[in-house]
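Coordinate-derived values only; no laboratory data. Everything numeric in this text was worked out from a predicted model, so none of it was measured. Quick reminder, even Gly has a Cβ in these numbers, built from the backbone with ideal geometry, and neighbours come from all protein chains shown.
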Amino acid sequence: MTAQKLEHTMKTHSTALKSTLPNRKLALGLSVSLALGVSTDVMATAEKEELLKLRNTTINLIDMLVEQGVLDKDKAASMVKRAEKKAAVEAKEEAGEDDSRHSGMAGGAAAGAVTGGSPSDSRVTLKNNGGGQPSKGPVRVTYVPDFVKDEIRADVRRQLKDEVVKEVKADAKDEKWGIPGALPSWVSKIKPFGDVRLRFEDQFFGSNNIPNSYYNWPLINKMGGLDNTPNPYINTTQNRERWRARARFGFESELVEGAKVNVRMSTSNMYSPITTNQTFTDMSSGWMVQLDRAYLQYDYLDDEGHDWFSLWGGRTPNPWFSTDNLFDQDLNFDGFSGTFRFPFSDLSDPELRGYNAPNTAGRLWFQQLNQGFTKPNEVYLTGGFFPLQETPFEASSKWMAAGQLGFDWLFYSNSRLKTGLSYYSFQNTQAQRNPAGSTINDWTAPQFFTQGNSLAEISNDLEPQNAPRLVGLASKFDVLDAIAQYDYTGFAPNHILLTGNYSNNLGFDQEQIYRTLGVDIEPQTTAYQIRLDVGRPDMLGFGDWNAWAAYKYMERDSTMDAWADSNFHLSGTNAKGYILGVNYGLANNIWANVRWLSSSVITGPTYDVDVLLADINARF
């Protein structure tokens with residue numbers, strides 16, 4: 001609170017005190033006193049007492065603000081002196097007005113005393129008037145009973161207290177009392193956010209699955225070869241249940257207009273980029289924590305409030321309008337990207353009010369569907385460059401360049417159509433065979449992958465082992481992806497959302513794979529997903545709900561298995577099946593989620609797996 005505001009407050013409350021006195025209770029007191037008659041000194045004393053209480057309260061408030069460091073001591077002293085000086089001037093002016101007023105009243109009272117009056121009136125004789133001259137006659141003054149004075153005093157105190165408290169609270173809220181004034185202004189712009197999820201997971205494997213039918217190639221690569229891996233197979237027969245949790249906490253802060261910083265920490269079971277779940281194991285060690293987001297964001301807005309483009313750099317959220325066939329919902333991107341927006345309708349159209357691009361803090365908006373960063377009635381273009389694996393001592397590192405073009409169209413007030421055509425080009429990710437006895441191409445082995453993609457041997461040792469020491473991806477990946485979504489809001493606040501997605505890996509070249517890696521692989525390069533959502537797009541309060549059903553088909557080399565959904569078929573590609581799910585709000589920002597994922601392998605030995613996920617989610 002500034003010195004000028006406090007001075008204004010003191011003046012306001014002094015005026016309020018004066019204006020409070022002539023209320024209905026004072027009128028009652030004066031009416032009674034006219035009948036009883038006694039000295040006005042009692043009234044003057046009561047008013048003076050209230051003014052002293054107000055003065056002391058204000059002085060104590062100023063002292064407290066000085067002690068808390070909110071108000072400078074010198075400024076406070078200067079403010080009090082100015083207030084006292086102004087009060088003295090106003091008191092003199094009011095005293096002159098009162099003298100004139102009392103002279104008229106005294107004359108009237110004397111006249112009244114001469115012309116009449118009840119014998120029961122209480123009278124005192126004033127020996128001298130204000131001018132030092134003897135009074136010309138007796139003056140009748142009023143007597144105010146104690147119970148009337150008590151009522152007046154209580155009423156004044158109540159009204160004054162309510163007004164003071166109200167204004168102090170308003171100033172405290174506006175000026176954020178309790179935060180030292182020495183702190184920089186950006187501190188007040190920090191917006192924390194976070195969420196916690198508890199999960200029960202049950203995995204059911206098909207009765208026709210064949211044991212030891214699929215190698216765990218990521219583990220084999222890590223252990224240094226098949227012969228060095230005690231148990232080189234993935235589990236395809238033993239049902240499994242486990243409890244898991246996820247915790248995320250971060251903050252977003254506006255540095256200057258349009259520029260933000262966003263940082264988020266999360267749990268991590270094994271530093272996997274497609275899951276932040278922590279499996280309950282034992283109490284001998286704490287949970288692993290990672291920094292899964294840290295980026296700068298810039299949004300350019302014109303004078304009309306239209307955000308023409310957004311730029312991101314760092315470890316950023318997924319900027320693409322996409323399904324989990326391509327990118328798991330937990331996946332973040334290292335690199336740089338931007339979305340440019342070109343409106344094709346009047347920006348002031350009332351139908352567009354309330355539509356905003358999804359924020360980067362990550363709201364629900366129908367689980368497993370990433371909406372990108374667009375608003376209705378605009379064409380958008382998103383581009384990005386993302387390093388995938390930096391390779392020391394090598395000229396060529398792995399990276400991805402991508403672009404997406406589409407439009408977002410709101411029509412008939414309750415129908416919204418959104419499309420996207422994307423091209424994702426993955427560079428230097430194909431395996432390269434080593435020369436005999438060399439390890440020069442070991443860097444082409446993927447740093448992270450799961451299951452499904454076709455693999456080829458990289459190692460070429462002089463003394464061949466019984467099995468490969470190191471494998472990598474057999475195919476190149478240049479993925480063309482098309483996605484369309486129709487959103488009907490005619491049953492608001494509920495939505496009906498229909499989404500379709502189709503992908504094709506144009507980088508697969510059967511002849512080139514055979515020529516360079518010596519393996520002959522049939523092309524399986526397409527993937528698609530059809531999904532229907534019904535209900536509210538986000539869980540905000542009790543009773544909010546949505547439900548969905550989806551069918552997925554992902555051939556072996558349609559997309560990179562490293563980034564696909566980690567839950568469907570327990571991650572990867574070469575799988576088909578369906579998903580059923582429902583969300584239900586339990587309280588504000590607390591909701592339950594249940595999903596059933598049923599999948600089977602497309603090519604290869606029988607491998608069926610059903611997964612039950614039951615979650616309790618909470619966020620702030």
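For this structure, a couple of remarks:
- Set of region 225-253 residues, backbone N closer than 12 Å to the point 7 Å along the Cα-Cβ line of N216: 229-236
- Each of K53, K418, K85 has some number of other Cβ atoms within 10 Å of its Cβ, and from fewest to most they run K85, K53, K418.
- Taking the C-alpha atoms of region 254-322, convex hull volume expressed per residue in Å³: 116 Å³
- Spatial separation of Cα centroids for region 576-599 and region 375-448, in angstrom: 29 Å
- Debye equation applied to the C-alpha atoms of region 429-484, log10 I(q)/I(0) at 0.14 Å⁻¹: -0.42
- More than 19 Å apart - percent of Cα-Cα pairs taken over region 207-267: 64 percent
- Summary of packing: across the peptides 204-213, 520-529, the per-residue average of other C-beta atoms within 10 Å ranks them, highest first, as 520-529, 204-213.
- Shown is the FRET efficiency for F280 and L532, computed with R0 = 41 Å from the Cβ-Cβ distance and rounded to the nearest 0.05: 0.75.
- Projected label distance in nm at A247 and M288, using a 7 Å step from Cα toward the beta-carbon: 1.7 nm
- Counting only the Cα atoms, region 394-490 fills a convex hull of 113 Å³ per residue.
- Of the GluC sites (Glu not before Pro) found in region 183-263, those that fall in a DSSP loop while having at most 16 other beta-carbon atoms within 10 Å are E257.
- Length gained on full extension, I440 to S188, computed as 0.36 nm times the residue gap minus the Cα-Cα distance: 85.4 nm.
- Residue-span extension gain [A484 to I496] - 0.36 nm each, minus C-alpha spacing: 2.9 nm
- Of the cross-linked pairs K418/K552; K53/K81; K53/K86; K53/K85; K418/K476; K398/K576, those separated by over 22 Å at the C-alpha level are K418/K476; K398/K576.
- Across region 228-265, the residues whose backbone nitrogen lies under 20 Å from the label position 7 Å along the beta-carbon direction of F200 are 239-247.
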